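Bear in mind these aren't lab numbers, they're just calculated from the coordinates by the rules spelled out. Everything numeric here is computed off the predicted structure, so don't read it as measured data. Here the Cβ is made from the backbone with ideal geometry for all residues, glycine too, and neighbour counts use every protein chain on show.
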């Protein structure tokens, strides 16, 4: 029996009607060749709202401003330079083949489709691989200080288990340098007056307005000025959301404190489909939680697994110091279970294996939620100076956060949520099912399938912003300007009132629990039941727990202060209110997908050896969810593979 | 540990602020400094008081959002960002003073939150390389000597937190401005706009009300990213060259 059907209804199948046909290597060029253009003189009469100014948003806003459109950009941070793209460490992939090691656009496309566990669209991924080479050119021209060789040319490294070196990097701060490049291009446009920047402004509602012919179009947003508390209306010919991922539904994640789902969730409630919400990437090498005051988790590069050996005590509940546990009482479980790959198994396998050890009571450190990552053998083999040269900055970071010296005692690590592959459904043009609403970067679902490869998030954000949206949005705007929307239009007034009522509601509850206490409890439910391993029983339980918690939130939360002022508690309360609804949909999506693929592992769907088992016959589709007050409606978009053969991943 | 904090409370830009004392009972040495403030805020909220407003986002030391003056030192006693400072640096019974960045060009928004918009406007005045999307040449056509690339990177690691301004007795933004001029000026791509960049950025810096530089060096001592003081010499050199030509 399919219990999932108790929680949702199945709607019509959908298709990506913007997707071009023909040979895959020609699709994007052909598609662009048939797009409409906008006369430069007309562009300044056309306006675009850009919500979010990370890699995707800043690059798109700068490019559209440069092209002559009137852009209004918004971010919740105090400057666009602070968006969470900045925290990406490793690098950015591009099929330049500078190493002459057999890389090509096709190979990057193939690796990404396979890495996504055959749950991404071939056409989109191919385009991503094609424009990847332009991104590097663009960033170098802006002055992004990528690592170079002594000859002065760009350096590369290999990343994420692929066989070629295609990753460009700027020490461990690639995201920072790419974002600063896009930020500077954006600030230049702000200085020139083509982009109007609104920092410390948070989008709280989307405005859909029908044309004279009845076509509903995205025409504006309601934002809250986070300094004054003013609720403002902004109208335009098109709206772009580039608002990042939703990993903070787990409370603890590697996301920034402010990262949230509100912009995309508000659009979802207005009719935009939310695709594959259950696909969550959990990274194995993060610093474990140290106490209940923990506010976020910190990632450490998984390159540590090249030389570190992962182990737990053989005996459950063994709380001796690691140095007191003799060799024969240690279980190097990855080396034991996966002799071929050992400590270098892929992220999802390593994460789940750590969870199983801790579930069995063998975890180490506070709360038993950690495993050892031991460099004693590497230090003996290579010498301390060599280990220092390779990993010194990571060891320092670990020591700063934990107060422990990883040169003399093993590190403790545990998995943490750090990227969400799901997001708003978009077509090949990055347009959602709502006309005039475009979605870019981590906020959309399009390119990574069920699992994202390392160094591909930066690539996708900049591909969308510099090289895809400027074309597809121009094509859409070639039919604009649309009829002017008056500020007292019923849809505008309705959206404003909805926001004001919600703010007043949150402030009036005056209950006994803090916003963070609810957020932490929600995060724990999500982590326990919709984290590294999901089961039908657990997900059904979680859905009920989330509904109960949401009901308690709306009757017992305490939000101090007033609406008309700088009020961080109110900001957080509003975001957590949306996280409950998203969390429920994630569980419903996970319940429906009775297979294991990429970042989604269902306990009921595994091989005899405990490996992920896909069911391509039943689940080779994108799950696009339509909002409904009672039960969400599932629209399936079938996935077809013409170029890459669907295979099972194997690590033995 | 037991910790006493004295925190700057100021309702908004117009109101007058004051230091207010709060006690915390069970502070773990493993908490980050900002987690200690989170705990204080939970305590205040449950008591029906207004929590302390402070900025933070990535809490990994890279976004530059956080930053308060701790016992008179921007980001506190260690060379790092406020979010990466941990309570093990302090001792049971300590009294810690916590204030916002203090500089004329960074007006207080609320409590420990300041407005650093002036930094963005300095960048608008020239802190970029003009490179319209799509016009870039093949990346490896531009070779950059590794030494220059490494130095440019070092200057480019500035996170724009503003600690340099808060540390400077003059409230000068020289280290921030010079870091960007050095980053772009060391690269071949940055040469065509080198003169206009330095003139534009310095003019904007003065316009925003930042003070002058008198080579005190507090900025670099407070910088969590270790931006070296010699970037300022680089700025002066570019400035002199640009003015000679003008």
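Hey, any idea what the orientation-averaged projected area of the convex hull of the protein assembly as shown's Cα atoms comes to, in nm²? Walk me through the numbers before you get to the answer.
On the way: hull surface 142.9 nm².
Its average projected convex-hull area is 35.7 nm².
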Task: Alpha-carbon Rg/Rh ratio, for region A:495-541, with Rh computed the Kirkwood way - done: 1.20
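Averaged over peptide B:180-187, how many Cβ atoms belonging to another chain are found within 10 Å of each residue's Cβ? Write out the running numbers ahead of the final one.
Working: counts 3, 0, 0, 6, 4, 1, 2, 5.
Average per residue, whole number: 3.
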TODO: With a ≥ b ≥ c taken as the square roots of the eigenvalues of the C-alpha gyration tensor of region A:130-209, please select rounded if a/c is under 1.5 and otherwise prolate if a/b is larger than b/c or oblate if it is not?
DONE: prolate
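What does the average come to when, for each residue of peptide B:22-33, you count the partner chain Cβ atoms lying within 10 Å of its Cβ? Intermediate values should be presented prior to the final figure.
On the way: counts 0, 0, 0, 0, 2, 1, 5, 2, 9, 5, 8, 0.
Mean partner-chain Cβ count within 10 Å for B:22-33: 3.
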TODO: Please identify, among B:181, B:70, B:142, the residue showing maximal mean-square fluctuation in a Gaussian network model of chain B using a 10 angstrom Cα cutoff.
DONE: B:142
Task: Inter-probe distance in nm under a simple model that places probes 7 Å from Cα toward Cβ, at residue B:91 and residue A:491 - done: 6.6
Task: Where a label projected 7 Å from the Cα of residue B:191 along Cα→Cβ would reach, residues of region A:123-143 with amide N under 18 Å - done: A:140-143
Open item on the list: Modelling each spin label as a point 7 Å along the Cα-to-Cβ direction, I'd like the residue A:9/residue B:11 distance in nm, to one decimal.
Closed with: 5.1
Open item on the list: Taking the number of other C-beta atoms within 10 Å as the exposure measure, put A:585, A:549 in order starting with the fewest.
Closed with: A:549, A:585
- [ ] Mind jotting down the distance between the C-alpha centroids of region A:240-271 and region A:531-570, whole Å?
- [x] 14
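If you average over every viewing direction, what projected area does the convex hull of the Cα atoms of region B:116-245 give, in nm²? Let's see the in-between values first.
Numbers: hull surface 32.8 nm².
That works out to 8.2 nm².
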TODO: Please determine, in degrees from 0 to 90 and to the nearest 10, the orientation of helix A:384-402 with respect to the longest principal axis defined by the Cα atoms of chain A, where the helix direction is its Cα long axis.
DONE: 60
Task: 17 Å tail of the calculated P(r), region A:366-456, as % of Cα pairs - done: 65
- [ ] Send over the Kirkwood Rh of region B:3-110, from the inverse of the averaged 1/r over different Cα pairs, rounded to one decimal Å.
- [x] 14.3
Task: Efficiency of FRET between residue A:42 and residue A:18 - r from beta-carbon atoms, R0 25 angstrom, step 0.05 - done: 0.60
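Which ordering of A:554, A:265 is given by a fewest-first count of other beta-carbon atoms within 10 Å? Could the numbers behind the result be given before it?
Values: A:554 15, A:265 23.
Least to most surrounded, the residues fall as A:554, A:265.
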Task: Share of Cα-Cα pairs in region A:311-470 lying beyond 21 Å, as whole percent - done: 61
Task: Per-peptide average of other Cβ atoms within 10 Å, ordering A:210-221, A:343-354 highest first - done: A:343-354, A:210-221
Open item on the list: For peptide A:289-300, what's the mean number of Cβ atoms from other chains within 10 Å of each residue's Cβ?
Closed with: 5
TODO: Distance from a point 7 Å along Cα→Cβ of residue A:615 to each backbone N in region A:1-20: keep the residues under 12 Å and list them by number.
DONE: A:1-5
TODO: Using all C-alpha to C-alpha distances in chain B, build P(r) with 5 Å bins and read off the rounded percent in each one.
DONE: 1, 6, 12, 16, 17, 14, 11, 8, 6, 4, 3, 1, 0
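Which shape class applies to region A:99-234: rounded if a/c is under 1.5, otherwise prolate when a/b exceeds b/c and oblate if not, where a ≥ b ≥ c are the square roots of the Cα gyration tensor eigenvalues?
On the way: a/c = 2.72, a/b = 1.59, b/c = 1.71.
Oblate.
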Open item on the list: I'd like the FRET efficiency for residue A:196 and residue A:408, computed as 1/(1 + (r/R0)^6) with the beta carbon distance as r and R0 of 60 Å, rounded to 0.05.
Closed with: 0.65
TODO: May I ask you to derive the FRET efficiency for residue B:236 and residue A:157 from their Cβ-Cβ distance with R0 = 35 Å, giving the value to the nearest 0.05?
DONE: 0.40
- [ ] Please state, rounded to one decimal and in Å, the Kirkwood hydrodynamic radius that region A:490-621 gives when every pair of distinct Cα atoms enters the mean of 1/r.
- [x] 16.7
Task: Angle between chain B longest axis and helix B:33-46 axis [Cα atoms, degrees, rounded to 10] - done: 50
Task: Packing-based exposure ordering (other Cβ within 10 Å, fewest first) of A:228, A:194, B:80 - done: A:228, B:80, A:194
- [ ] Extending each Cα 7 Å along its Cβ direction at residue A:323 and residue A:389, get the distance between those two points in nm, one decimal.
- [x] 2.7
TODO: Report, in degrees rounded to the nearest 10, the 0 to 90 angle that the Cα long axis of helix B:146-156 makes with the longest principal axis of chain B.
DONE: 40
Open item on the list: Would region A:76-174 count as rounded, prolate or oblate if I go by the C-alpha gyration tensor, calling it rounded below 1.5 in a/c and otherwise prolate when a/b exceeds b/c, oblate otherwise?
Closed with: oblate
